[in-house]
1. Taking the simple approach of a point 7 Å from Cα along Cα-to-Cβ for both I65 and L92, what is their distance in nm?
2. With a Förster radius of 35 Å, plug the Cβ-Cβ distance of A32 and E12 into 1/(1 + (r/R0)^6) and report the FRET value to the nearest 0.05.
Amino acid sequence: MTLFPTGFAALEYELMAEQANALGHYGRAAEAALAKLVEREGQAAEAEIEILVANAAQCVWALFIQREACGMSNGRDVITQYCVPGKVLARLGAAPRRGESPLTVRRGRSENRD
């Protein structure tokens, strides 16, 4: 970015600020989802753990996508920094079937099916 006060430089600054804000948002969401998974592991029922793993995977995947949009393609940093467990990594990018929420999917079947 140049230091000249042009319209383009101002736009570039605003875009970078938005990218940083979004990156922070997705980072906090992933951190919270992973913390909740760690907190409930060993105490919660298997069905609840499945939901927490699916939610954590969605949050970590969104963080990966946002980082790539910002030009950071090394996902190993995220895995190390956020201590992403293997069972979450195995679900990255896996989407529920059409019409199903990732928070209601359990063992491949939706709990709210007709």
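All of the numbers you see were taken from the coordinates with simple rules; none came from a lab. From a predicted model like this one, the values you see are computed outputs, not experimental measurements. Cβ atoms come from the backbone with ideal geometry, glycine included; neighbour counts cover every protein chain shown.
1. 1.4 nm
2. For R0 = 35 Å, the calculated efficiency reads 0.70.
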